[in-house]
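The structure appears right after this line, and notes come after that.
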Amino acid sequence: MTTPSFETILATLEAAPPQDQSNGYDTARLIQLDDALSDVEVQDEEILAPAGEIVVRRYLPISKPARAGLVWAHGGAWVGGSIEMPESHWVGLALASRGVAVFSVDYHLSLRGVTFPIPSDDLLAAYDWALAERPVLGLEGIAMHLGGASAGGNLAAGVAKRLARRGSAPTSLVLAYPAIHAELPAPSAELAEALARVDMPDMIAGLLAFTTGHFAGEAGVHDEIAFPGNGAVPAGHPPTIVLNAEADPLRASGELYANQLREADVQVEVEYLPGSQHGFLNEPESEFGRAGMSRMADWLLR
């Protein structure tokens, strides 16, 4: 069977109504896999962002106090994904069951004329809303973190820059296999060897190369918020964890960004999960998905 072109994929996304992106992992199925996830209250809230209303889905632990908060952005190459996908919904349930209040953001996708800075503005608005909601939700005093996966990691890193310049950086930045640079850096010899053992990376790299310009719009791929690997790291940038996949072309971007942050004296931890590939947080039943979730929880609750 012939693989459709990226142009065909994008045209389909532009024309199609929203689809169920749970990949079969709705709430009932996730609780069946892990009963601890039933100890979470889930509520969708509509908030106003500069380009219009968006939904923020909040996850609060029921029988234990929240010890941290996280505003989270899913991936999908800026043109796909939703808060229903495991990379969003499972992340919210799993982290909340461990004591993290999660605010998952249904930002505008870069379809039908939407480009940067709209998704970035959405995430910034959601972060500000979550901060303001802490007293209402009984979350006074908890540290608020910011994070995302893949394209969502790109958005989170850009918003972290914006917040640092504003003097109100989050407690930390959590990046899972992020797309930080418009052009992927050349892989190290070790990464090239890992990529040679699997098939999907060519598809991932090709899709991102196609969608970067589509996302950046008039701002262009050299904009330092659209692609946070551009420009200087601002003073006050929060401590950051970069959690990569082993066989993933985006690992080169995550590792380079960690080096850029480190050179700017930002506290950084960067690591990969041996044997993993891009998108492991979208795999609730895989050892890599569970290991990644545990690592994120350890970072947020330390």
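Numbers for the structure displayed
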{"read-out": "Number of positions in region 86-126 that are out of contact with any Asp or Glu (no Cβ under 8 Å at 6 or more places or on another chain) and of a type in the set (Lys, Arg)", "value": "1"}
{"read-out": "Filtered residues of region 172-215 (kept if over 17 Å from Leu256 (Cβ atoms) and in a loop (DSSP other than H, G, I, E, B))", "value": "Ser172, Arg197, Val198, Asp199"}
{"read-out": "Long-range neighbours under 8 Å by Cβ, at least six apart or interchain, first residue closer than 10 Å to Asp248 by Cα within region 191-203, second of a type in the set (S, T, N, Q) and surrounded by 11 or more Cβ atoms within 10 Å (Cβ to Cβ)", "value": "Val198/Gln277; Met200/Gln277; Pro201/Gln277"}
{"read-out": "Output for region 228-275, where each listed residue is open to solvent by less than 40 Å² (accessible area, probe 1.4 Å), over 12 Å from Ala157 (Cβ atoms) and either out of contact with any helix residue (DSSP H, G or I) (no Cβ under 9 Å at 6 or more places or on another chain) or part of a loop (DSSP other than H, G, I, E, B) (or both)", "value": "Pro239, Asp248, Pro249"}
{"read-out": "Subset of region 276-302 that is assigned to a loop (DSSP other than H, G, I, E, B) and open to solvent by 40 Å² or more (accessible area, probe 1.4 Å) - its residue that is nearest to Gln32 (Cα to Cα)", "value": "Glu285"}
{"read-out": "Residue list for region 15-36, restricted to those being at positive phi and small (Gly, Ala, Ser)", "value": "Gly24"}
{"read-out": "Single unsatisfied condition, Glu283 versus (1) in contact (Cβ under 8 Å) with a residue 60 or more places away in the chain; (2) over 20 Å from Gly80 (Cα atoms); (3) among the acidic types (Asp, Glu); (4) out of contact with any strand residue (DSSP E or B) (no Cβ under 7 Å at 6 or more places or on another chain)", "value": "(2)"}
{"read-out": "Breaking point among (1) open to solvent by 20 Å² or more (accessible area, probe 1.4 Å); (2) closer than 30 Å to Ala66 by Cα; (3) out of contact with any helix residue (DSSP H, G or I) (no Cβ under 6 Å at 6 or more places or on another chain); (4) not charged (D, E, K, R), for His222", "value": "(2)"}
{"read-out": "Segments classed as helices (runs of 4 or more DSSP H), wholly inside region 1-97, with at least 3 members that are over 28 Å from Ala216 (Cα atoms) and either touching a residue at least 40 places away in the same chain (Cβ under 8 Å) or under 21 Å from the mean Cα position of the chain (by Cα) (or both)", "value": "27-33, 86-97"}
{"read-out": "Residues that are outside any strand (DSSP E or B), hydrophobic (A, V, I, L, M, F, W, C) and within 21 Å of Asp128 (Cα to Cα), drawn from region 98-115", "value": "Leu109"}
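One line per residue, one yes/no per condition, for (1) under 25 Å from Leu139 (Cα atoms); (2) touching a helix residue (DSSP H, G or I) at 6+ places or on another chain (Cβ under 7 Å); (3) of a type in the set (A, V, I, L, M, F, W, C):
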position: Ala16; (1), (2), (3): no, no, yes
position: Tyr25; (1), (2), (3): no, yes, no
position: Ala28; (1), (2), (3): no, no, yes
position: Glu41; (1), (2), (3): yes, no, no
position: Glu53; (1), (2), (3): yes, no, no
position: Arg58; (1), (2), (3): yes, no, no
position: Ile62; (1), (2), (3): yes, no, yes
position: Pro65; (1), (2), (3): yes, no, no
position: Ala68; (1), (2), (3): yes, yes, yes
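The values are calculated or read from the model by the stated rules, or taken from the named source; none is laboratory data. It should be emphasised that the depicted structure is a prediction, and the values quoted were computed from it without experimental measurement. FYI the Cβ positions are ideal-geometry reconstructions off the backbone, even for glycines, and counts take in every protein chain you see. For accessibility, only protein heavy atoms count, side chains too; no ligands or nucleic acids. Shrake-Rupley method; radii C 1.70, N 1.55, O 1.52, S 1.80 Å.
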